[in-house]
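Engineer: Structure in structure tokens, see below.
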Amino acid sequence: MPTLPAIIQASISADGILLSADEPLLALQREAGGDLGERFAIPQLAAVARLAMKLGVAVSRPVTAASARHDIDMWVRAKPESQAVHLSVIDWQERPVFSASNNSGLLEADLAAVSDGWNWQVDTQLRFQMVLEGGDLDGALPAQPPVPGSPFSSYFQLQVDEDGDMAILRGFTQRRAFRNQLACLMTDPARRFHLSGFPLFDLTGQLLGYRGKAFALDLAVPVPEIAPPAAVDSLAFGKRLDRSLRQPLGRIIANADTISAQLEGPLRSDYAGYALDIASAGRHLMALVDDLADLQAIDRPDFTIASEAVDLADLGRRAAGLLGVKALDRQIHVLAPAMDEIIPARGEFRRVLQILVNLIGNAIRYGPEGSEVRVETGLEDGLSRIAVTDQGSGIGPDDRERIFEKFERLGRDDQGGSGLGLYISRRLARAMGGDIRIEGEAGQGARFILTLPLDEESGRVGLEREQALD
Ligand code: ADP
């Protein structure tokens with residue numbers, strides 16, 4: 001194959017005529033029976049050009065076009081200019097044509113056409129958004145299907161292929177389709193699958209997640225498993241919550257994302273906007289369901305929490321990092337603990353992170369735009385401490401206990417929260433032998449302080465190090 005230009009360019013008139021094209025695109029146009037000055041005959045690219053022209057904005061997305069010998073994966077950007085659309089194509093990759101007897105060539109359209117296997121969709125955090133039964137027996141969901149909102153990696157154990165490679169990792173890092181990734185269920189390694197998937201993008205080319213199929217391997221006759229009658233206990237409540245709320249919500253979010261990404265074809269921009277609103281309302285409800293599930297778990301008499309050595313400074317940095325985008329949205333600068341700071345404490349890693357995400361998230365939400373949020377650590381009376389301080393209106397002395405009550409939002413009725421975050425955070429802190437308190441003058445910003453037991457072992461090491469430095 002001759003070397004291709006890094007960017008392959010073409011230009012199409014408003015009425016769909018190919019005005020100019022670099023060699024590989026021109027060859028494809030000729031193969032499709034067209035030429036320069038004739039109607040652009042590569043339907044997948046013509047559709048992107050039409051969409052950009054109609055919306056009046058640049059659109060970029062991955063496209064697969066077919067030639068006689070190859071399928072060609074490429075990334076295309078269509079930019080409307082006066083009376084024409086300019087196409088820039090990068091990442092031109094040729095691969096053998098998919099044949100029905102060999103599913104190693106599966107891509108987006110092929111995947112949609114294959115009836116076996118069940119369907120899954122994950123967001124950019126690789127959390128399940130939706131799972132759906134396929135069309136036949138092989139498409140049946142496993143007895144314990146993935147729970148929407150739960151991590152992909154806690155459901156599937158991924159396995160390397162003969163070359164020691166993982167198709168899914170290659171796919172994810174290059175934001176491309178992948179096929180034949182071998183995986184088994186975490187809960188049942190005997191149940192093996194081939195996973196195939198393709199990326200979902202929004203109009204601006206932003207990755208929304210992946211959608212794909214799971215094909216069951218080595219399954220002789222699938223035996224439908226009959227679930228034992230659910231005991232009416234609090235565990236069953238959690239499962240019911242998943243089935244009756246998380247799963248349908250996951251589907252609503254996934255479908256709204258699909259509509260707003262205009263995967264099924266161009267839409268009027270106000271409809272795409274409604275779909276975005278639906279997806280964001282769905283995500284808000286999903287967060288509420290998560291809070292309710294937490295609430296349900298921590299209010300159980302047998303609720304336990306791990307006690308492990310953690311570093312509050314490290315957790316502060318991680319929580320601040322997780323909220324970077326949210327902070328940027330409001331032009332808020334989060335000052336995290338310095339990289340060399342270590343404050344050893346005892347608690348459960350993910351629960352401490354959850355508390356800090358809640359406290360820093362509130363500081364960003366309730367602080368004024370363009371302000372600062374400080375995350376500072378220290379030691380006090382045999383306890384480890386991390387404080388989150390914002391520059392918002394603060395919390396008056398009369399409200400400092402009240403805001404830790406369930407559903408208390410101090411009269412706020414914005415869409416942003418549920419009033420459960422602080423209740424859950426304090427319950428978690430206390431279950432770890434610590435607490436959360438509020439300081440700061442009313443009207444001068446809020447200061448939330450999380451204390452946890454000092455981790456004696458690493459605390460001693462830390463103190464010795466500090467003394468050595470003195
Ligand atoms: P949510 O933020 O979901 O409403 P929380 O339990 O996290 O629920 O917080 C309860 C209420 O406490 C909030 O609605 C808000 O009125 C108040 N609050 C929390 N953090 C702050 C803060 N940093 N500054 C001002 N008010 C706050």
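The values are calculated or read from the model by the stated rules, or taken from the named source; none is laboratory data. What you are looking at is a predicted structure, and each value in this text was computed from that prediction instead of being measured. Cβ: placed from backbone, ideal geometry, glycine included. Neighbour counts: every protein chain shown. Quick note on the areas: whole protein, heavy atoms, side chains included, nothing else; ligands and nucleic acids left out. Shrake-Rupley method; radii C 1.70, N 1.55, O 1.52, S 1.80 Å.
Engineer: State all residues of the stretch 282-301 that are outside any helix (DSSP H, G or I) and either of a type outside the set (Asp, Glu) or open to solvent by less than 60 Å² (accessible area, probe 1.4 Å) (or both); if no residue qualifies, say none. Give the derivation first.
Structural biologist: Our first condition is that a residue be outside any helix (DSSP H, G or I); within the stretch 282-301, this holds for 299-301.
Within the stretch 282-301, Arg300, Pro301 meet the criteria.
Engineer: Scan Asp71, Asp91 and give me the residue that is closer than 17 Å to Pro5 by Cβ and among the acidic types (Asp, Glu).
Structural biologist: The match here is Asp91.
Engineer: Hey, can you tell me all the residues within the stretch 359-390 that are more than 10 Å from the ligand (Cβ to nearest atom) and open to solvent by 40 Å² or more (accessible area, probe 1.4 Å)?
Structural biologist: Step one: of the stretch 359-390, the residues more than 10 Å from the ligand (Cβ to nearest atom) are 368-372, 374-387.
The answer is Pro368, Glu369, Gly370, Glu372, Arg374, Glu376, Leu379, Asp381, Gly382, Leu383, Arg385.
Engineer: Residues Asp270, Asp311: which one is surrounded by fewer than 19 Cβ atoms within 10 Å (Cβ to Cβ) and of a type in the set (Asp, Glu)?
Structural biologist: Every option except Asp270 fails the conditions.
Engineer: If you go through the stretch 345-361 one residue at a time, how many are in contact with a strand residue (DSSP E or B) (Cβ under 6 Å, 6 or more places away or on another chain) and either of a type in the set (D, E, K, R) or outside any helix (DSSP H, G or I) (or both)?
Structural biologist: Of the residues in that region, 3 qualify.
Engineer: Could you count how many residues in the stretch 321-339 are at positive phi and within 16 Å of the ligand (Cβ to nearest atom)?
Structural biologist: The qualifying residues number 0.
Engineer: Need the failing condition index for Met53 against (1) in contact (Cβ under 8 Å) with a residue 60 or more places away in the chain; (2) open to solvent by 40 Å² or more (accessible area, probe 1.4 Å), just the number.
Structural biologist: It fails just one condition, (1).
Engineer: Residues in the stretch 434-447: is at least one open to solvent by less than 30 Å² (accessible area, probe 1.4 Å), within 23 Å of Phe303 (Cβ to Cβ), in contact (Cβ under 8 Å) with a residue 60 or more places away in the chain and of a type outside the set (Phe, Trp, Tyr)?
Structural biologist: yes
Engineer: For the stretch 346-355, give me the residue count where each residue is open to solvent by 20 Å² or more (accessible area, probe 1.4 Å), closer than 30 Å to Asp413 by Cβ and more than 15 Å from the ligand (Cβ to nearest atom). It would help to see each step written out before you state the result.
Structural biologist: Let us first name the residues in the stretch 346-355 that are open to solvent by 20 Å² or more (accessible area, probe 1.4 Å), namely 346, 348-350, 353-354.
Cutting the leftovers down to closer than 30 Å to Asp413 by Cβ gives us 353-354.
Filter again for more than 15 Å from the ligand (Cβ to nearest atom), leaving 353.
Total satisfying the criteria: 1.
Engineer: Out of all the residues in the stretch 188-204, which are assigned to a loop (DSSP other than H, G, I, E, B) and either at pLDDT 80 or above or out of contact with any helix residue (DSSP H, G or I) (no Cβ under 9 Å at 6 or more places or on another chain) (or both)?
Structural biologist: Across the stretch 188-204, the qualifying residue is only Thr204.
Condition check ((1) surrounded by 18 or more Cβ atoms within 10 Å (Cβ to Cβ); (2) within 16 Å of the ligand (Cβ to nearest atom)) across all residues:
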residue: Thr258; (1), (2): yes, no
residue: Ser280; (1), (2): no, yes
residue: Phe303; (1), (2): no, no
residue: Ala306; (1), (2): no, no
residue: Ala319; (1), (2): yes, yes
residue: Glu341; (1), (2): no, no
residue: Pro344; (1), (2): yes, no
residue: Val357; (1), (2): yes, yes
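Engineer: Let me ask you something else. Mind listing whichever residues of the stretch 388-414 are touching a Phe, Trp or Tyr at 6+ places or on another chain (Cβ under 7 Å) and either free of Cβ contacts under 8 Å to residues at least 24 places away in the same chain or within 25 Å of Arg317 (Cα to Cα) (or both)?
Structural biologist: Of the stretch 388-414, the ones touching a Phe, Trp or Tyr at 6+ places or on another chain (Cβ under 7 Å) are 388, 390, 392, 404-406.
Correct list: Val388, Asp390, Gly392, Phe404, Glu405.
Engineer: Of the conditions (1) more than 14 Å from Pro142 (Cα to Cα); (2) at pLDDT 80 or above; (3) out of contact with any Leu (no Cβ under 6 Å at 6 or more places or on another chain), Leu207 fails just one. Which one is it?
Structural biologist: Condition (2) is where Leu207 drops out.
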